[in-house]
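Take a look at the structure below.
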Amino acid sequence: MLNHPKDPAHSNSMILPNDARLDVSHPVIDAWLCAVNAGSIDEVCRLYAPDAILLPTLSNELCGTPEQIRGYFEYFLSRPQLSAALQSCYVRQ
């Protein structure tokens, strides 16, 4: 994983070197947000490659297998009144 420097203009945003800020989202991010907000574990998990490594928000344990990623989202999406929103979007050029 890359070490992401903080964007000084957006205290809640992370950027990669040489990234460009966009005023629109990315289709995969949109799909992830929709799946999370719908509480659809299957849809969220389908967005991850079989060899994906998830650095979870609500855990300090890396998820390095599809089963671990599913288990994390079963926990994550069980939180009452959970919702996700995009604050800003960066796409590496």
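The values are calculated or read from the model by the stated rules, or taken from the named source; none is laboratory data. All values reported here derive from a predicted model rather than from experimental measurement. Backbone-built Cβ (ideal geometry, glycine too); neighbour counts: all protein chains shown. The area values use the complete protein model at the heavy-atom level, side chains included, leaving out ligands, DNA and RNA. Shrake-Rupley method; radii C 1.70, N 1.55, O 1.52, S 1.80 Å.
Within region 44-58, the set of residues being surrounded by fewer than 16 Cβ atoms within 10 Å (Cβ to Cβ) and within 16 Å of LEU82 (Cα to Cα) comprises PRO56, THR57, LEU58. Is it true that GLU74 is open to solvent by 70 Å² or more (accessible area, probe 1.4 Å) and at pLDDT 95 or above? Spelling it out, GLU74 is indeed open to solvent by 70 Å² or more (accessible area, probe 1.4 Å) and at pLDDT 95 or above.
Within region 30-43, residues that are within 16 Å of PRO66 (Cα to Cα) and touching a residue at least 12 places away in the same chain (Cβ under 8 Å) reach partners that are assigned to a helix (DSSP H, G or I) and open to solvent by less than 40 Å² (accessible area, probe 1.4 Å) with beta carbons closer than 6 Å, at six or more positions or on different chains, in the pairs ILE41/PHE73; GLU43/ALA35.
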